[in-house]
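The structure under discussion appears below in the form of structure tokens.
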Ligand code: S3P
């Protein structure tokens, strides 16, 4: 079956969730997936920030990380009742087992990976990630990625490397891997 048609049917009952470290390309891939496969994009960080009327930095500074994590879980509860979405998770979303369980209800989890060098290149000019502010170097990023690797990999249904690849190529691989996961001929 042709990819677009297959995705259309698949999305009647599923969401696709993009996870991975900050700067792995989740937001960019979500935008492109939305365009390529007519999916409704959900940018978790942006939606939480909009609802709270604050930036992510402000939420962390004013209420702390635990508060932000609770907002992520509440949003995932909502999304677990919807379908047809391409969800760009925050980089820490799947570190909570509860969040993974909520995602697994109706989403396939796609882990996007990149080397610490690639991540640094992508995040170096933005200051909107409280966890990286003051730590934008390969050693810190590499160590935190390593600490999170197991949780990311355990949650993932599909793993897609993003280094030195076009966004179209990455999105096509996501769609093909989803089809393969559902045992379709590709
Ligand atoms: C976080 C990643 C961020 C955002 C918050 C915490 C993390 O999302 O949710 O700053 O713990 O990795 P992005 O991965 O979209 O930058």
Quick check: the distance between the Cα centres of the range 102-161 and the range 8-23, to the nearest angstrom?
16
Under a point spin-label approximation (7 Å from Cα along Cα-to-Cβ), what is the residue 51-residue 27 distance to one decimal in nm?
1.8
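To the nearest 500 deg cm²/dmol, what mean residue ellipticity at 222 nm is calculated for the chain from DSSP H runs of n ≥ 4 alone, each contributing -39,500 (n - 2.57), summed and divided by the residues?
Rounded to the nearest 500, the figure is -17000 deg cm²/dmol.
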From the Cα gyration tensor of the range 66-186, with a ≥ b ≥ c the square roots of its eigenvalues, which class applies: rounded if a/c is under 1.5, or else prolate if a/b is larger than b/c, or else oblate?
oblate
Within the range 102-121, list the residues whose amide N lies under 16 Å from a label point set 7 Å along Cα→Cβ of residue 157.
102-112
Exposure proxy check on 86, 131, 174, 158: fewest-to-most Cβ neighbours within 10 Å is 131, 158, 174, 86
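If each residue's Cβ is checked for other Cβ atoms within 10 Å, how do 77, 3 rank with the fewest at the top?
77, 3
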Taking the 0 to 90 degree range and rounding to the nearest ten, how far is the long axis of helix 167-181 tilted relative to the main principal axis of the chain, both from C-alpha atoms?
60
Answer rounded, prolate or oblate for the range 1-114, using the Cα gyration tensor with square roots of eigenvalues a ≥ b ≥ c: rounded when a/c is under 1.5, else prolate when a/b is larger than b/c, else oblate.
prolate
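Throughout, read-outs are computed from the coordinates displayed, never taken from laboratory work. Keep in mind that what you see is a predicted model, and the values were worked out from it rather than measured. Using ideal geometry, Cβ is built from the backbone for each residue, glycine included, and neighbour counts are taken over all protein chains shown.
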